[in-house]
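Shown next, in structure tokens, is the structure this report addresses.
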Amino acid sequence: MGKDKIRRFNENKTFENVVQPTREEVVNNFPLKGNWNKDFFKNDNPIVLELGCGKGEYTVAMARRDANRNFIGIDIKGARFWRGAKTALEEGLDNVGFMRTQIELIDQVFAENEVSEIWITFPDPQIKYRRTVHRLTNPDFLAKYNKVLKPEGTVNLKTDSEFLHGYTHGMIQLLGHKVIKSSHNVYHPDNRELPKIVTDVQTYYEEKFKALGKTITYIQFQFKD
């Protein structure tokens, strides 16, 4: 591990907006489960997650725009979200948190109906069939999201992968859930009805993909009752 990564890991330990439990702590009655509003944010505002948050650009950008909601970026790589956590502290954003854990443990970290919205930004599409189990919109992951989301809660997927976009769209319809918005090119001039955050914020990876001429897609969906 490089010195810079070690420095970031150590600095994360001092950040009051970062939570880094062990896997054992998560699966054995994690204390923040069901108590994020009361014990972490100390308010009753809705909670929004960014899964696989990377550097935390979306998490921080959404928090800047909406002080009346709480935002949590989740990633297993703490050296990445160190930048977002540090920026949030520097800007005094008290509606932002970051958590280092595996996304498959999301239903161990949050209680039923504790989350209002989920964002998944530029995940690995896991194209090979044997990697389906790791695809963040496969049925097992969707069931976990459905469990922690409030009724009428939404999931947003932004990706450069037409494969993942199509897979997700098909899976949502197959399972009887509801596609709310869908675009094969978020920067097409006709996409006036997309949430502004979709085009106003560009992550590090999105800028790289756009520079390569890749099209950015988006889908927003909701689980059936």
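Solvent-free Debye calculation, one equal scatterer per alpha-carbon of the chain: log10 I(q)/I(0) at 0.07, 0.09 Å⁻¹ equals -0.21, -0.35. Within the chain, antiparallel bridges make up roughly 35 percent of the DSSP beta bridges whose residues both belong there. Dipole check for region 154-225: with +1 at the C-beta of Lys and Arg, -1 at the C-beta of Asp and Glu, and the Cα centre as origin, the magnitude is about 60 Debye.
Give me the base-10 log of I(q)/I(0) for region 48-143 at each q in 0.21 Å⁻¹, Debye formula, one uniform scatterer per Cα, rounded to two decimals. Rounded to two decimals, the profile gives -1.06.
Taking only protein heavy atoms and a 1.4 Å probe, what accessible area per residue, in Å², does region 18-64 have with all protein chains in place?
Averaged over the residues of region 18-64, the accessible area is 48 Å².
Taking Cα atoms only, the orientation of helix 139-148 departs from the longest principal axis of the chain by about 50 degrees. What angle do you read, to the nearest 10 degrees and between 0 and 90, between the alpha-carbon axis of helix 162-174 and the longest principal axis of the chain? Approximately 90 degrees, to the nearest 10.
One Cα centroid belongs to region 154-210, the other to region 45-105; the line between them spans 20 Å.
With angles folded into 0 to 90 degrees, how steeply does helix 78-90 sit against the dominant principal axis of the chain? Use alpha carbons for both and round to 10. Relative to the chain, helix 78-90 is tipped by roughly 70 degrees. At the residue level, D94 shows approximately 130 square angstrom of accessible surface with a 1.4 angstrom probe and all protein chains present. Solvent exposure of region 89-221, expressed per residue, is 49 Å² of accessible area, with all protein chains present and a 1.4 angstrom probe.
The portion of the accessible surface of the chain made up by carbon and sulfur, rounded to a whole percent, is 48 (1.4 Å probe; DNA, RNA and ligands excluded). For the peptides 72-85, 9-22, 144-157, the ranking by packing is 72-85, 144-157, 9-22, with the highest mean count of neighbouring Cβ atoms within 10 Å listed first.
The values are calculated or read from the model by the stated rules, or taken from the named source; none is laboratory data. Computed from a predicted structure; not experimentally measured. Cβ atoms come from the backbone with ideal geometry, glycine included; neighbour counts cover every protein chain shown. Each accessible area value is taken on the protein alone, full model and side chains, heavy atoms only, with ligands, DNA and RNA left out. Shrake-Rupley method; radii C 1.70, N 1.55, O 1.52, S 1.80 Å.
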